[in-house]
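Beneath this line is the structure, given in structure tokens, with notes to follow.
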Amino acid sequence: MKKTFKIVFGLAFIAAGLLWILNLAGVFDFCFSLDGWWAFFVIIPCFFGLVCGPDRVGSLIGLSIGVLLLLSARGVVAWSDFWQYALAALVIGIGIKMIFVRTICSCKAGDCRTITREGKDIKTLESNFAKQRLEYDGEKFEGIDVKVAFGGLEIDLRNAIVEEDVEIRLELAFGGIEIRLPEGVVVKTSVNCSFAGISDDRRNVPKDGSPVIYITGKAAFGGIELK
């Protein structure tokens, strides 16, 4: 998450600097104004929440209201019309949440579709516009393929039986994945991240000869947490 934060705001500063240079060079006429600067205290955190936060609909509503505040402060939108626009944005956001965002759905490993790869039973799971939780409770874990878009997924492997090296393949876009790992295993990550980050909050020490869990794939505009 911290890496995503740095990337987003780093790009924002780079863009601001380039616009400044182009304005000084006379490429285009850009008039900088401080009117409504306080609206960025709403816009910036909501934008960050939209990129990698757990409640993207709420962040989208907040971002819309922040932009409306900025436009009203600069005279683009009349203050008398502000509340009507803000109420319309709220109604749209509620509608989106009712249609696309579902409550957290828990399931067991046996409920997932299984494919065979290299002699192993690999589970497959997709989570789109939803929050899901997958738990391995005393079940053998041989690998999983996961696709998450505009949603969240928790994979609980703390009670899984891991007897050999396994792989977790991830495809993440505008969402978050939390992986709770069993104690003593070795974890190696190779995920291609674009505006995304991986954090490892584990404190246990791997045991000699322990199986390796390889986490591979790609992630964009999201976060992966290992616990």
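Residues of the stretch 69-97 being β-branched (V, I, T), under 23 Å from the mean Cα position of the chain (by Cα) and surrounded by 13 or more Cβ atoms within 10 Å (Cβ to Cβ), which ones? Of everything in the stretch 69-97, those that are β-branched (V, I, T), under 23 Å from the mean Cα position of the chain (by Cα) and surrounded by 13 or more Cβ atoms within 10 Å (Cβ to Cβ) turn out to be I92, I96.
Summed over the stretch 31-55, residues that are at pLDDT below 70 and either surrounded by 11 or more Cβ atoms within 10 Å (Cβ to Cβ) or in a helix (DSSP H, G or I) (or both) total 5.
Just one of the listed residues (L157, L181) is touching a Pro at 6+ places or on another chain (Cβ under 6 Å), modelled with pLDDT of 90 or more and buried (at least 19 other Cβ atoms within 10 Å of the Cβ), namely L157.
Per the listing E164, E225, E126, the residue uniquely out of contact with any strand residue (DSSP E or B) (no Cβ under 6 Å at 6 or more places or on another chain) and not β-branched (V, I, T) is E164. Report whether or not L157 is under 12 Å from the mean Cα position of the chain (by Cα) and either closer than 12 Å to I213 by Cβ or in a strand (DSSP E or B) (or both). In short, no.
Scanning the stretch 110-154 for residues that are among the β-branched types (V, I, T) and surrounded by 15 or more Cβ atoms within 10 Å (Cβ to Cβ), we see that the one that is modelled with the lowest pLDDT is V148.
The values are calculated or read from the model by the stated rules, or taken from the named source; none is laboratory data. Predicted model, so just to flag it, every value in this text is computed and none were measured. In this analysis, Cβ positions are derived from the backbone assuming ideal geometry, glycine residues included, and neighbour counts consider all displayed protein chains.
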